[in-house]
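Report on one structure; see the data block that follows.
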Amino acid sequence: MDFLDKIQHKFTAKEEDLILRALGSAQRAHAGQKRFSGADYIVHPIGAALILAEILPEATCIAATLLHDVPEDTKTTLADIKKLFGEEISRLVDGVTKLGKVRLRNSKDEYYVENLRKMFVATSKDIRIILIKLADRIDNMRTIEFVKKEKQKRIAEETLEIYAPIASRLGIGEWKDELEDSAFKIAYPKEYEETKKMLESALEGKQIAVKKLQKDLAAILHTEGVKYENISGRVKRVYSLFKKLKKYDGDMERIYDLVALRVITKSTAECYAALGAIHKHLQPLPGRVKDFIALPKPNGYRSIHTTVFDADKNVFEIQIRTEQMHDQAEKGIASHWLYDESGKTSGAAMNLQWVKDLQNAHEQLKNPEEFLRALKIDFFKDRIFVFTPKGDVKDLPEGATPVDFAFDVHTDLGFYMLGAKVNGKMVKIDYELKSGDMVEIIKSKKPVAVSQDWLNYAKTSGARSRIKRRLAERQGGIFNLLKKLANKK
Ligand code: MN
């Protein structure tokens, strides 16, 4: 089968020509090279390009993916690529090459940080570089069985620690799921098997209930006159279950979304109509309605989630979203290109707040330890939503405290903070905020004295860097005062 026939997209003749020229060049450059599996090397760039094309069928990016290993592994240089394919493709290939070959996390934290730094510099230049790198990693994970055992484990760990979280932050659900489950199995085989068994036994006998609820839902929506496209079921992924079980002390009873039913509609209004109809007939579990349409997740995810009891008191999660929201949940950031009518494909157009935050963190945090801390907390942690008394929404990492909230609202609020109320009650300053909390900061008239232990309560890099600066200024202030006094003598 022809390479282009495997891509579900109609390219222009010019685009087809570009892709086929890139394929030909890569084929010639890698001629004679073999993969660990014994296959011709070219199967890898082709595999990666097909993975990429599924979420981003864009000719330039596909061509760059086909060429991504050429400068590193063959006699053809980046200058050759530039001559043959122009500035944009050579820039993308260069970016991927600079991200480097597999970096090993367990060598030293500094290497890990350096690797992440590179990743973010590349991200801020053009997000397509990261997309190519992720497609490259997915193809490598699919053929990892041919790699030496001890190397397999390191690659899998790195995939879990760096690549899957990045796919998640970019909102690419499809890639995140595949990277997580394939890497989890190799990095932690025992835990993988245990979790998989738990999942399978919990699902036993549920299939019939799922089928029945699917029918019931259709009937409910029909009775209430709510239009929808389709209803499907999805089973929780093994790694996702593992993470949740860790959070809930291994208690399966507290996991409500082992099986979720998805209702896909054509319009947002129909999503809310469906929610109303479902709650009218099936008892919802209190506190479990999440409206990610009104409050999208930071990675752009939109959907309504609710948890309901069926007639037999089984608990199910129901996810309601439009076709477009579903597409975005699978393809994340890449789907924005498809919906962007201007047809521009500049990575700079992606105005994600967290990308900006990270660039700032990257510039400000010269100390690798602090940078790593910022990444782990600001970037890889799950996010919570809290409210100001006026109803504005702030998104913060899990584990954030009123101190983080105050500095997120305004630097001044942080330095004038006397205490905090959450949902109307006074809380300790180290109180862990939860999604949906309404937070009110009690302000003093004058700035309060900042002490070293504020750093114990501040989790976000924004709050921490402001506190540190203030502490340094104060020390500088005392130092200057002493100097002045000394000069007077
Ligand atoms: Mn590669």
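If each residue of separation counts as 0.36 nm, what is the full-extension length gain between Ser201 and Leu418 once their alpha-carbon separation is subtracted? Please list the in-between numbers first.
Numbers: separation 217, 0.36 × 217 = 78.12 nm, distance 5.12 nm.
Here the answer is 73.0 nm.
If you stretched the chain out fully between Val235 and Asp327, how much longer would it get, using 0.36 nm times the residue separation minus the C-alpha to C-alpha distance? Write out the running numbers ahead of the final one.
Details: separation 92, 0.36 × 92 = 33.12 nm, distance 1.81 nm.
Contour length minus the Cα-Cα distance gives 31.3 nm.
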Fill in the blank from the handout: With all protein chains in place and a 1.4 Å probe, Asp257 shows an accessible area in Å² (nearest 10) of 10
Practice task
Output the pairs from Lys34/Lys331; Lys215/Lys266; Lys243/Lys459 with a Cα-Cα distance over 24 Å in this structure; if there are none, say none.
Solution key: Lys34/Lys331
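Using Cα pairs under 8 angstrom and six or more residues apart, how large is the relative contact order of region 1-72, in percent?
On the way: 65 pairs, mean separation 28.4, N = 72.
Value for region 1-72: 39 percent.
Let me check against my output: what whole-number percent is the relative contact order of region 205-338, with C-alpha pairs under 8 Å and at least 6 apart?
Values: 194 pairs, mean separation 31.7, N = 134.
Value for region 205-338: 24 percent.
Output the relative contact order of region 381-488, whole-number percent, from Cα pairs under 8 angstrom with separation of 6+ residues. If you can, show how the numbers build up before the last one.
Working: 168 pairs, mean separation 29.2, N = 108.
Over region 381-488, the number comes to 27 percent.
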Practice task
Please compute the net charge surrounding Ala449, taking Lys and Arg as +1 and Asp and Glu as -1 over other residues with Cβ under 13 Å from its Cβ.
Solution key: +1
Completion exercise
Karplus ³J(HN,Hα) for region 19-25 (6.51 cos²θ - 1.76 cosθ + 1.60, θ = phi - 60°; Hz, whole; x = Gly/Pro) runs 4, 5, 5, 5, 4, x, 4
Handout entry: Asp69 accessible area, 1.4 Å probe, all protein chains in place, Å² to nearest 10
Key = 20
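Taking 30 Å as R0, compute the FRET efficiency from the Cβ-Cβ separation of Phe309 and Ala269 and round it to 0.05. Write down the numbers at each step before the final one.
Working: r = 26 Å, r/R0 = 0.87.
Computed FRET efficiency for Phe309 and Ala269 comes out at 0.70.
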Exercise for the section: Name the residue farthest towards the positive end of the dipole of region 381-488 from the options Ala420, Leu471, Val386, assuming +1 on Cβ of Lys and Arg, -1 on Cβ of Asp and Glu, about the Cα centre. Expected result: Leu471
Fill in the blank from the handout: Once both label points are put 7 Å beyond Cα along the C-beta direction, the Lys443-His410 separation in nm becomes 0.4
Completion exercise
Under the rule rounded for a/c under 1.5, else prolate if a/b exceeds b/c, else oblate, using alpha carbon gyration tensor axes a ≥ b ≥ c, region 171-237 is classed as oblate
Fill in the blank from the handout: Hull volume per residue for region 205-338, using the convex hull of the C-alpha atoms, in Å³ is 119
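Can you tell me which of 260-273, 281-294 comes out highest on packing, and rank the rest after it, using the mean Cβ neighbours within 10 Å?
Numbers: 260-273: 18.5, 281-294: 14.3.
Highest to lowest by the protection proxy: 260-273, 281-294.
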Practice task
Could you list which residues have their amide H under 5 Å from that of Gly419, counting only those 5 or more apart in sequence or on another chain, with H placed in the peptide plane?
Solution key: Ile442
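For Glu229, Glu157, write out the residues from largest to smallest accessible area, computed with a 1.4 angstrom probe and no ligands counted.
On the way: Glu229 80, Glu157 40 Å².
Order by accessible area, largest first: Glu229, Glu157.
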Exercise for the section: Using only protein heavy atoms and a 1.4 Å probe, report how much of Lys446 is accessible, in Å² to the nearest 10. Expected result: 150
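The values are calculated or read from the model by the stated rules, or taken from the named source; none is laboratory data. Note that the structure is a prediction, hence the values are computed from the model and not measured. Quick reminder, even Gly has a Cβ in these numbers, built from the backbone with ideal geometry, and neighbours come from all protein chains shown. Heavy atoms of the whole protein, side chains included, go into the accessibility calculation; ligands, DNA and RNA do not. Shrake-Rupley method; radii C 1.70, N 1.55, O 1.52, S 1.80 Å.
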